[in-house]
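Enquirer: The structure that follows is given in the form of structure tokens.
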Amino acid sequence: MKTLNKEKMSQKIIKNIGLSLKSWGPIFLIMAMAMIITPSQASLTGDEHLVISIPNQSKYLMLLKPYPLDYLMAWAGRIYIVAHPDELQLFHGLDIPFQFKNLAKANNEPSPLSTHSSLNGAYHSYAEVEAELFSLEETYPEICQIHNLGQSVEGRNLYALQITDNPGLAENEPGVLFLGCHHAREWISVEVPLLLAQHLVKNYSLDPDIKNLVNQSEIWIVPLVNPDGLEFSIYYYRYWRKNRRNLGNGLFGVDLNRNYNFQWGLDNVGSSPDPSSAIYRGPAPFSEPETQAIRNFMDSHPTIKALVTYHSFGQVILYPWGYTEEPPPQEELLSSLAWSMSKKIAEVYGNEYDFGQAGLSLYLTNGDTTDWALGVYGIPAFTIELPPIDRFYGGFFNAEEDIQKVSNENLPAALFLINWALEIETDTYLSPPAVLRLVNPFFKEIIKN
């Protein structure tokens, strides 16, 4: 394959308006509602991003792999990309056909079936996540406790909910950490860990299996890693991805999933040094208070045995490494766990989540959460990419009616991983047959090359 000089191609991504959401009154609410922008309206706010799609074919994906693009999702034989107009020359130069997509609705309008009147409908805002967590702690104090891990760039609290039988005691029990919403626009990634928490505490006294898991482990749920970005995505710009770090010159945001220190800044493909890029890695590893909070939590909780971080891109389970196509040291374990979780998910509604090594997927990443968890702490870590569209009712981005269904199908996988953490602690885990470097449809076109 011909080597391309990406320095000749423009890689500018995003220049954003600098609006703070920390305090605003009715006038700003009206402004915010008016600024739920579409590609055709983008120039009115200085945000000129477009959504394009390309065929999901290996010959195109391999050409684009060296470039730090803002991939939105993979679905129905096409790859969707949030692109700045300057980037369109890249696709022309590589002779990659693309189509403009109007994903304007993006579920900022509540569903006709919704009982919620807010812009995010049944999806949780920061304040709603906060209220729900405190409600769970108040209702089930004997098995759950809130911990404040720190504050975001704009001063919002970063909450972890601990679920165990004696939350005030250090019992040295095996733990599993579930993270949501590193990327602001991925609203469904907040809901799945939040509903996992609700299921565990509400069924503790009803289901002996749940009670056993909770009694013998520590389950940690951080449903909202990027609260500032989420708020901006709800009220201003639906496709916003990063946090809300003010970088100066009208630029905002660091990609929190490129800000961890393992292989941080290894190259300019798996992350970008350009502050205008959607995958800007920040000026240094752990430059952001949000990633610092996760690091500090992990450092102070050595009994964590596994980590899951929820995203929404294309119904797939990814494991390290993401920074390279070389296999990780625990590939047999990682692939067998991913296979088992995929099977558990499929048993609910029959929806198959492909799985495999992240570095063999569409693009490389460096400084990401799961590579860091495996590389620094040596624990299995998975990115579960939830379906990004309204799979059940049609349309782009998940409808409110999807929330419970997507959570339902992911619940058995989460419970499986918690149970696995208990079994390896007691040496009772029986590994399934090895599923090394399984080639699933999501990866097939890429691995062939």
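Enquirer: Select from the range 308-329 the residues that are of a type in the set (Phe, Trp, Tyr) and in contact with a Phe, Trp or Tyr (Cβ under 9 Å, 6 or more places away or on another chain) and write down the one among them that is farthest from Leu360 (Cα to Cα). Spell out how you get there, then give the answer.
Expert: Residues of the range 308-329 that are of a type in the set (Phe, Trp, Tyr), as a first pass: 310, 313, 319, 321, 323.
Now restrict to residues that are in contact with a Phe, Trp or Tyr (Cβ under 9 Å, 6 or more places away or on another chain): 310, 313, 319, 323.
Values: Tyr310: 19, Phe313: 15, Tyr319: 10, Tyr323: 10 Å.
Among those that are of a type in the set (Phe, Trp, Tyr) and in contact with a Phe, Trp or Tyr (Cβ under 9 Å, 6 or more places away or on another chain), it is Tyr310.
Enquirer: Looking at the range 323-335 only, could you name the residues that are closer than 29 Å to Asn398 by Cα and touching a residue at least 60 places away in the same chain (Cβ under 8 Å)?
Expert: Tyr323, Ser335, listed by residue number.
Residue-wise test of (1) within 18 Å of Val269 (Cα to Cα); (2) modelled with pLDDT of 95 or more; (3) of a type in the set (S, T, N, Q); (4) outside the structural domain of Leu318 (by TED's automatic domain parsing).
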position	(1), (2), (3), (4)
Ser342	no, yes, yes, no
Val348	no, yes, no, no
Asp354	no, no, no, no
Thr365	yes, yes, yes, no
Asp368	yes, yes, no, no
Trp372	yes, yes, no, no
Val376	no, yes, no, no
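Enquirer: Next question. Where the second residue is crowded, with 22+ Cβ neighbours inside 10 Å and of a type in the set (A, V, I, L, M, F, W, C) and the first is touching a residue at least 60 places away in the same chain (Cβ under 8 Å) and lies in the range 254-274, which pairs have Cβ atoms under 6 Å and are six or more apart or on separate chains?
Expert: Close Cβ pairs satisfying both conditions: Asp255/Ile279; Arg258/Ile279; Tyr260/Trp372; Phe262/Trp372; Val269/Leu364; Gly270/Leu364; Ser271/Ile279; Ser272/Ile279.
Enquirer: Quick check on Asn398: is it at pLDDT below 95 and either surrounded by 21 or more Cβ atoms within 10 Å (Cβ to Cβ) or farther than 26 Å from Gly121 by Cβ (or both)?
Expert: Numbers: at pLDDT below 95: yes; either surrounded by 21 or more Cβ atoms within 10 Å (Cβ to Cβ) or farther than 26 Å from Gly121 by Cβ (or both): yes.
Yes; evaluated as a whole, the condition is true for this residue.
Enquirer: Can you list the strands (runs of 3 or more DSSP E) found entirely within the range 150-240 that contain at least 2 residues being touching a residue at least 60 places away in the same chain (Cβ under 8 Å) and of a type in the set (Gly, Ala, Ser)? It would help to see each step written out before you state the result.
Expert: Numbers: elements: 157-163, 175-180, 218-222.
So the answer is 175-180.
Enquirer: Here are some conditions: (1) at pLDDT 95 or above; (2) crowded, with 22+ Cβ neighbours inside 10 Å; (3) not small (Gly, Ala, Ser). Asn148 meets all but one. Which one does it not meet?
Expert: (2)
Enquirer: Among Ile210, Ile163, Ile188, which is the only one that is out of contact with any Gly (no Cβ under 8 Å at 6 or more places or on another chain), β-branched (Val, Ile, Thr) and closer than 19 Å to His301 by Cβ? Don't jump to the end; show me each part of the working.
Expert: Details: Ile210 fails: closer than 19 Å to His301 by Cβ; Ile188 fails: closer than 19 Å to His301 by Cβ.
Checking each option against the conditions leaves just Ile163.
Enquirer: So Asn261 fits all but one of (1) surrounded by fewer than 19 Cβ atoms within 10 Å (Cβ to Cβ); (2) touching a strand residue (DSSP E or B) at 6+ places or on another chain (Cβ under 6 Å); what number is the exception?
Expert: All conditions pass for Asn261, except number (2).
The values are calculated or read from the model by the stated rules, or taken from the named source; none is laboratory data. Just so we're clear, the structure is a prediction, and the values are computed from it rather than from any experiment. Here Cβ is always computed from backbone atoms with ideal geometry, including for glycine, and neighbour counts include all displayed protein chains.
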